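Reviewing the structure listed below.
The values are calculated or read from the model by the stated rules, or taken from the named source; none is laboratory data. Remember, it's a predicted structure, so these values are computed and weren't measured experimentally. Cβ placement follows ideal geometry from the backbone for every residue including glycine, while neighbour counts extend to all protein chains displayed.
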Amino acid sequence: MLLAGIIILFVVGYLVIALEHPLHIDKAATALFIGAGCWALYVLGLNTLLPAERLAEIAPDYLAEHGGHYDLKTALHYVEHYQFLPLVGEIAFILFFLMGAMTIVELVDAYEGFSIITDRITTLNKVKLLWTVCVLTFFLSAVLDNLTTTIVMVSLMKKLIKEKETRLLFCGLIVVSANAGGAWTVIGDVTTTMLWIGGKISTVEVMKALIIPSLACLIIPLAIASLMLKGEVERPELDPNEYHNKTLKPWHSWLFLTLGFCGLVFVPIFKSVTHLPPFMGMMFSLSVIWIVSEFVKHDLDEETRSSTNVVGVLKKIDTASILFFLGILLAVGTLQSTGVLVTVATWLEVNIPNMQVVALVIGLLSAIVDNVPLVAAGIGMWDYPTDSTFWLFLAYCAGTGGSCLIIGSAAGVAAMGIEKIDFIWYIKRVSLFALIGYLGGAGVFVIQEKFYPHSNAAAVLPEAPEEQGVSEDMEEHGNNEEAGHASHAGTDHEADNAEANGQSAH
């Protein structure tokens, strides 16, 4: 009964999140509610949700350490130390990473680093402007992230295009381009970041496997849209009062643009060399840029210094998005710990034996609900090898499928808020472009895998029983520590073990 309550709370919460704008309830509030609520129901129902038989099945070594004796205190200790704490560690890795990346990008923007790029867009031809903006968005999204790139480029459209209908179409295709660009690097989209941190994909392999499908996802919609666009755009008249007269020199912008790009690119290198979690590399890059800004600010006037101060920049971070990720990942973790995801994985495995179709369906579902929990659920469902065809295809599908609806991705929601894009308008004018591009890129991936298959392309069945997945994961990394020590994860190998311990609670 309590398990049904957890599932109902989760599903209803998802519906409220999907209907965030009509209901006028911020999705972060809903996510936190279902995250805390699901865990509360789980703990309150341990007698039925984690009975002695189930604990003996999923954690026989733990029960043996306690003399084979089962009581509520033993079950609660297991949940706290072997399910909840490892989950919180994994979530912290992701949230710290996002906070660092968002701060670096906001700091570059504060020093007008992005103006170096945008000021060089001078063409008035609609087709040329569309390709210029979207290709630039595609590659910026790969280096930064799709959310930040969308914010920068959509804001730029207000300065480049006066006619609203044309501007909104450009903004819609910017969303498609940003999501396509973010899918082929580990720092371009939060879902690929999650898969990377979880040890499911690697930095170089995902780029090699997804760059061509992602380009197809970009080029196909642009080619179709180019046939519909005629003439030139009209530039809006710029309001001189819109700009703050900062005492910034060109070298300030160049310096922080260079530092920002190098800092973000340095993150995967830092992880490969030190084997520390990616957020440590992001924090290192942020600290270097922060220190440089402390030296630079002494030559600026008080007003400029205030607007470029890192402490002030930190206030611009979208805290609501951070809390949303926290809540939704906590909720998904409950389903993982109660074994719901294993049941779903088994059902999908039996009814949809082709895992590429499963990934394609997940991508389309991400247009309706957020792709973060879908990918988090997928990580908990299956135990495929790193860089297997399934994980790479899931990275593509989850990253680009959300473009089919304006609320299906963080980039779309950002564009919707900035330009007040109507949900129905997007369906009529952009969704078909996005869907054709999504399916086209998926087709390119399938053909690519047929002729150039990956060495890890062989399918691996979902872990069942769960403790087998734990032992295999520990064996893969040569880690001889007990599974319970994963809560002290300090390296990417230990993070993988923490994930495995969370799975062992299914």
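Structure data summary
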item	result
From 59, 31, residue being touching an Asp or Glu at 6+ places or on another chain (Cβ under 8 Å), under 30 Å from residue 73 (Cα atoms), among the hydrophobic types (A, V, I, L, M, F, W, C) and buried (at least 18 other Cβ atoms within 10 Å of the Cβ)	59
Residue that is nearest to the chain's Cα centre (by Cα), among those in region 63-111 that are crowded, with 20+ Cβ neighbours inside 10 Å and among the acidic types (Asp, Glu)	90
All positions within region 245-276 that are in contact with an Asp or Glu (Cβ under 8 Å, 6 or more places away or on another chain), within 26 Å of residue 202 (Cβ to Cβ) and modelled with pLDDT under 85	271, 275
Odd one out for residue 336 among (1) farther than 30 Å from residue 29 by Cα; (2) in contact with a His (Cβ under 7 Å, 6 or more places away or on another chain)	(1)
Residues being of a type in the set (Asp, Glu) and closer than 18 Å to residue 430 by Cβ - total across region 117-174	2
Matching entry among 458, 434, 395, 483 (being at pLDDT below 85 and touching a helix residue (DSSP H, G or I) at 6+ places or on another chain (Cβ under 7 Å))	483
Scope region 201-230; condition buried (at least 23 other Cβ atoms within 10 Å of the Cβ) and either assigned to a loop (DSSP other than H, G, I, E, B) or polar (S, T, N, Q) (or both); matching residues	201, 214
Count - residues of region 1-23 that are touching a helix residue (DSSP H, G or I) at 6+ places or on another chain (Cβ under 8 Å), in a loop (DSSP other than H, G, I, E, B) and under 24 Å from residue 421 (Cα atoms)	0
Those residues of region 376-392 which are among the aliphatic types (A, V, I, L, M) and under 17 Å from residue 357 (Cβ atoms), in sequence order	377, 381, 392
Helices (runs of 4 or more DSSP H) fully within region 299-357 counting 3 or more residues that are under 25 Å from the mean Cα position of the chain (by Cα) and either at pLDDT below 80 or closer than 30 Å to residue 151 by Cα (or both)	310-314, 319-338, 340-351
Of residues in region 427-441 being in contact (Cβ under 8 Å) with a residue 12 or more places away in the chain and surrounded by fewer than 24 Cβ atoms within 10 Å (Cβ to Cβ), the one farthest from residue 374 (Cα to Cα)	429
Filter pass, residue 56 being under 24 Å from residue 344 (Cβ atoms) and free of Cβ contacts under 8 Å to residues at least 60 places away in the same chain	yes
Inter-residue pairs, beta-carbon under 8 Å, first free of Cβ contacts under 8 Å to residues at least 60 places away in the same chain and in region 110-129, second surrounded by fewer than 19 Cβ atoms within 10 Å (Cβ to Cβ), 6+ apart	118/159; 121/132; 123/132
Members of region 114-139 that are at pLDDT below 85 and either of a type in the set (Asp, Glu) or surrounded by 23 or more Cβ atoms within 10 Å (Cβ to Cβ) (or both)	114, 119
Inter-residue pairs, beta-carbon under 7 Å, first closer than 30 Å to residue 396 by Cα and in region 212-237, second of a type in the set (A, V, I, L, M, F, W, C) and not in a helix (DSSP H, G or I), 6+ apart	214/183; 214/184
Matching residues in region 124-154 - criterion: being hydrophobic (A, V, I, L, M, F, W, C), in a helix (DSSP H, G or I) and more than 26 Å from residue 190 (Cβ to Cβ)	127, 129, 130, 131
Output for region 188-200, where each listed residue is assigned to a loop (DSSP other than H, G, I, E, B) and surrounded by fewer than 24 Cβ atoms within 10 Å (Cβ to Cβ)	198, 199
Filtered residues of region 336-347 (kept if surrounded by fewer than 19 Cβ atoms within 10 Å (Cβ to Cβ) and either of a type in the set (A, V, I, L, M, F, W, C) or within 24 Å of residue 202 (Cα to Cα) (or both))	344, 347
Residues of region 6-28 satisfying the condition of being surrounded by 20 or more Cβ atoms within 10 Å (Cβ to Cβ) and either among the small types (Gly, Ala, Ser) or free of Cβ contacts under 8 Å to residues at least 60 places away in the same chain (or both)	13, 28
Conditions (1) in contact with a Phe, Trp or Tyr (Cβ under 7 Å, 6 or more places away or on another chain); (2) under 27 Å from residue 88 (Cβ atoms); number of the one not met by residue 210	(2)
Hits in region 155-185 - residues which are surrounded by fewer than 24 Cβ atoms within 10 Å (Cβ to Cβ), in a loop (DSSP other than H, G, I, E, B) and of a type in the set (Val, Ile, Thr)	161
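Residue-by-condition table, conditions (1) in contact (Cβ under 8 Å) with a residue 60 or more places away in the chain; (2) aromatic (Phe, Trp, Tyr); (3) in contact with a Ser or Thr (Cβ under 7 Å, 6 or more places away or on another chain):
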position: 282; (1), (2), (3): yes, no, no
position: 314; (1), (2), (3): yes, no, yes
position: 337; (1), (2), (3): yes, no, no
position: 344; (1), (2), (3): no, no, no
